[in-house]
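S.K.: I'd like to ask you about the structure that follows.
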Amino acid sequence: MTAPQARILAIDDTPANLLTLGAALEGEFELQFATSGPAGLALALANPPDLILLDVMMPEVDGYETFRRLAAQPALQHIPVIFVTALNDLDSEVTGLSLGAADYITKPINVTIARQRIRNLVEREQLRKQVELQRDHLAEEVHQRQHAAEQLMLAASVFTHSREGITIADAQGLIVDVNAAFSRITGYSRDEAMGHNPRLLKSSRQKDDFYAAMWRTLHDTDSWSGEIWNRRKSGEEYPEMLTISVVRDTDGAIQNYVALFSDITERKAMEHKVQQLAFFDALTGLPNRRLLDDRLGLAMAASKRSGLYSALMFLDLDNFKPLNDTHGHGVGDLLLIEVAKRLTACVREIDTVARFGGDEFVVTLGELSEDTATSITQAGQVAEKIRATLNAPYQLTVTHTGQSNSTVQHHCSVSIGVVVFNNAEANPTDIMKWADAAMYQAKDAGRNAIRFHEPEQALNEPQRSLAGSSVS
């Protein structure tokens, strides 16, 4: 029998946005639409969805207030909500996530990434419901069979055929039975597991205080649920979703511990892949614009706390287009990958190298000096190191199917615009614009040059510059 489609409720006051969401999600999910917060709340109460997509900027009742009203309803408070909005500033995203939203997607929507993030949340919610149902089912089985023989209780059909691994331990914590899924997931046969403490699955990922907190919760509430890393018989460590329940006899004494778990390796890998697509450049592996914005905000906050200056460099490769035109984009990609490696080698671990797009890169430097002049000198030294490093010849090895590899030698210089800043001077947008303008001045000066932006000078006055190995 085909599983019913997950139901998604989209709340957005703009019909065009609803049509876009519908086109992206139809066929895979059952969709409901509402054009205002109150209408969406009424629809959710009448027919609770599995996931809610919620716009922020709506008249009368905005998305944040709508979220609060949804969360105040006992029947709706556990439904995951994703804000889908044109507000792409950090404060708005923090506000949405602080309210308890499961995710925050900005417009224009990258349909592929948004669809996958929605899938992940729906799957997570379905898995949560499935674990709860399994736990409740098992608890009900135990309750119904309290007066039956212990062996009959352990042989329940749900235990034998469950896709989740099940471990049953006695009051002393020793395993008295496991199901087939346990053996499939862990690699231990039933005979190998019997009589052992479940700590034989313990990995090196969690510390002792993690397990101490788990047992405190288990003894206080008779249940514990969460993600944990365990180890298979082969020694491989893997993530699992684990729920442990305490089974008590009629006198309230602990009779058994029942654990249900599932291997979530594939789900964690998919979450990692989605995160990589969302925050890192696919070609170079460097942070992308979105992660750069976050890192720049952190750098400015750090400057405010410490009083130390930071710097941002905007880099544009010179003589890149002829390489693409002559040898193709594949060779151009090889150059960009090599440039990313060289840039990363020029800076410290606390600094950030990001690909801004095309042949443009951005470098942020943190923890410079409290003194402006000293910070400018430090940033200039790093910029010159980058300029010289990127000027070195490139040997790009091109692979050919069924043929010998060939090598393309290329020389590529770089134009660099630099801004030295502290938190009080400007916002992130201003800093990026200043660095970009300084970079274009380096281009206008003949390329292969470095230019500094100085806020106190008028835009039409000469900028502090670095060309070759000298600062002027």
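S.K.: For segment 280-290, name all the residues that are surrounded by fewer than 16 Cβ atoms within 10 Å (Cβ to Cβ) and touching a Leu at 6+ places or on another chain (Cβ under 7 Å). Break it down stepwise before answering.
M.R.: Here is the first cut: in segment 280-290, the residues surrounded by fewer than 16 Cβ atoms within 10 Å (Cβ to Cβ) are 282-283, 285, 289-290.
Scanning segment 280-290 gives a single hit, LEU283.
S.K.: While we're looking at this one, here's another question. Scan segment 421-446 for residues that are of a type in the set (D, E, K, R) and assigned to a loop (DSSP other than H, G, I, E, B) and report the count. I'd like the intermediate steps shown before the answer.
M.R.: First pass over segment 421-446, keeping only residues of a type in the set (D, E, K, R): 425, 430, 433, 436, 443-444.
With the extra rule that they be assigned to a loop (DSSP other than H, G, I, E, B), the set shrinks to 425.
Residues that pass the stated criteria total 1.
S.K.: Restricting to segment 268-303, name every residue that is among the polar types (S, T, N, Q), in contact with a strand residue (DSSP E or B) (Cβ under 9 Å, 6 or more places away or on another chain) and either in a loop (DSSP other than H, G, I, E, B) or under 20 Å from ASP103 (Cα atoms) (or both). Spell out how you get there, then give the answer.
M.R.: From segment 268-303, those among the polar types (S, T, N, Q) are 275-276, 284, 288, 303; that's our starting set.
Next, only the ones that are in contact with a strand residue (DSSP E or B) (Cβ under 9 Å, 6 or more places away or on another chain) stay: 284, 288, 303.
Of everything in segment 268-303, those that are among the polar types (S, T, N, Q), in contact with a strand residue (DSSP E or B) (Cβ under 9 Å, 6 or more places away or on another chain) and either in a loop (DSSP other than H, G, I, E, B) or under 20 Å from ASP103 (Cα atoms) (or both) turn out to be THR284, ASN288.
S.K.: Further, regarding this structure: Considering only segment 314-334, I want to know if a residue exists there that is small (Gly, Ala, Ser), assigned by TED's automatic domain parsing to the domain that holds ASN422 and closer than 30 Å to SER369 by Cα.
M.R.: The first filter runs over segment 314-334 and keeps only residues small (Gly, Ala, Ser), leaving 328, 330, 332.
Adding the requirement that they be assigned by TED's automatic domain parsing to the domain that holds ASN422 leaves 328, 330, 332.
Filter again for closer than 30 Å to SER369 by Cα, leaving none.
The answer is no; no qualifying residue exists.
S.K.: Could you say whether any residue in segment 324-344 is surrounded by fewer than 21 Cβ atoms within 10 Å (Cβ to Cβ) and assigned to a strand (DSSP E or B)?
M.R.: Scanning segment 324-344 turns up no residue that is surrounded by fewer than 21 Cβ atoms within 10 Å (Cβ to Cβ) and assigned to a strand (DSSP E or B).
S.K.: Having 2 or more residues that are surrounded by fewer than 19 Cβ atoms within 10 Å (Cβ to Cβ) is the bar; report the strands (runs of 3 or more DSSP E) wholly within segment 164-231 that clear it. Break it down into steps so the answer makes sense when it comes.
M.R.: Values: elements: 165-170, 175-178, 223-231.
The strands (runs of 3 or more DSSP E) meeting that bar are 223-231.
S.K.: Taking ALA340 as the residue in question, decide whether it is of a type in the set (A, V, I, L, M, F, W, C), touching a Gly at 6+ places or on another chain (Cβ under 9 Å) and under 24 Å from ASP294 (Cβ atoms).
M.R.: Working: of a type in the set (A, V, I, L, M, F, W, C): yes; touching a Gly at 6+ places or on another chain (Cβ under 9 Å): yes; under 24 Å from ASP294 (Cβ atoms): yes.
In short, yes.
S.K.: Any residue in segment 1-21 that's on the phi < 0 side of the Ramachandran plot: show its pairings with residues that are modelled with pLDDT under 75 and outside any loop (DSSP other than H, G, I, E, B) at Cβ separation under 7 Å, as long as the two are six or more apart or on different chains.
M.R.: If the second residue must be modelled with pLDDT under 75 and outside any loop (DSSP other than H, G, I, E, B), the pairs left are ILE8/LEU25; ALA10/LEU18; ALA10/LEU21; ASP12/LEU18.
S.K.: Would you confirm whether or not segment 402-413 contains a residue that is touching a strand residue (DSSP E or B) at 6+ places or on another chain (Cβ under 9 Å), among the hydrophobic types (A, V, I, L, M, F, W, C) and free of Cβ contacts under 8 Å to residues at least 24 places away in the same chain? Before the answer, list the steps.
M.R.: Let us first name the residues in segment 402-413 that are touching a strand residue (DSSP E or B) at 6+ places or on another chain (Cβ under 9 Å), namely 405-413.
Narrowing the set further to residues that are among the hydrophobic types (A, V, I, L, M, F, W, C) leaves 408, 412.
When the remaining residues are screened for being free of Cβ contacts under 8 Å to residues at least 24 places away in the same chain, the result is none.
Scanning segment 402-413 turns up no residue that is touching a strand residue (DSSP E or B) at 6+ places or on another chain (Cβ under 9 Å), among the hydrophobic types (A, V, I, L, M, F, W, C) and free of Cβ contacts under 8 Å to residues at least 24 places away in the same chain.
S.K.: Tell me which residues, restricted to segment 308-323, are in a loop (DSSP other than H, G, I, E, B) and aromatic (Phe, Trp, Tyr). Steps first, answer last, please.
M.R.: First, pick out the residues of segment 308-323 that are in a loop (DSSP other than H, G, I, E, B): 308-309, 318-320.
Result: TYR309, PHE320.
S.K.: Between GLU65, GLU30, which is over 20 Å from TYR104 (Cβ atoms), over 25 Å from the mean Cα position of the chain (by Cα), assigned by TED's automatic domain parsing to the domain that holds GLY100 and of a type in the set (Asp, Glu)? Spell out how you get there, then give the answer.
M.R.: Values: GLU65 fails: over 20 Å from TYR104 (Cβ atoms).
When all the criteria are applied, what remains is GLU30.
S.K.: Just to be sure I understand, how many residues within segment 436-467 are among the acidic types (Asp, Glu), modelled with pLDDT of 90 or more and more than 12 Å from PHE314 (Cα to Cα)?
M.R.: So the answer is 1.
S.K.: Suppose we keep only residues that are among the charged types (D, E, K, R) and over 19 Å from the mean Cα position of the chain (by Cα) within segment 241-272. Which one would you say is nearest to LEU201 (Cα to Cα)? Step through it out loud before you land on a result.
M.R.: Filtering segment 241-272 for residues among the charged types (D, E, K, R) gives 248-249, 251, 263, 266-268, 271.
Add one more test, that the residue is over 19 Å from the mean Cα position of the chain (by Cα), and what stays is 248-249, 251, 263.
Values: ARG248: 25, ASP249: 27, ASP251: 31, ASP263: 13 Å.
The qualifying residue nearest to LEU201 (Cα to Cα) is ASP263.
S.K.: Here is a further query. Restricting the search to segment 190-209, which residues are free of Cβ contacts under 8 Å to residues at least 24 places away in the same chain and within 18 Å of ALA171 (Cβ to Cβ)?
M.R.: Of segment 190-209, the ones free of Cβ contacts under 8 Å to residues at least 24 places away in the same chain are 190-191, 194-196, 199-200, 206-209.
Those that are free of Cβ contacts under 8 Å to residues at least 24 places away in the same chain and within 18 Å of ALA171 (Cβ to Cβ): MET194, GLY195, HIS196, ARG199.
S.K.: Can you pull out every residue in segment 395-420 that is in a strand (DSSP E or B) and either basic (Lys, Arg) or surrounded by fewer than 18 Cβ atoms within 10 Å (Cβ to Cβ) (or both)? Lay out the reasoning, then the answer.
M.R.: Restricting attention to segment 395-420, the residues satisfying the condition of being in a strand (DSSP E or B) are 395-400, 403-410, 414-420.
Hits for segment 395-420 are GLN395, THR397, VAL398, THR399, HIS400, GLN403, SER404, ASN405, SER406, THR407, VAL408, GLN409.
The values are calculated or read from the model by the stated rules, or taken from the named source; none is laboratory data. Quick caveat, the model's predicted, so the values are computed rather than measured. A quick note on method: Cβ atoms are made from the backbone with ideal geometry, for glycine too, and the neighbour counts reach across all protein chains shown.
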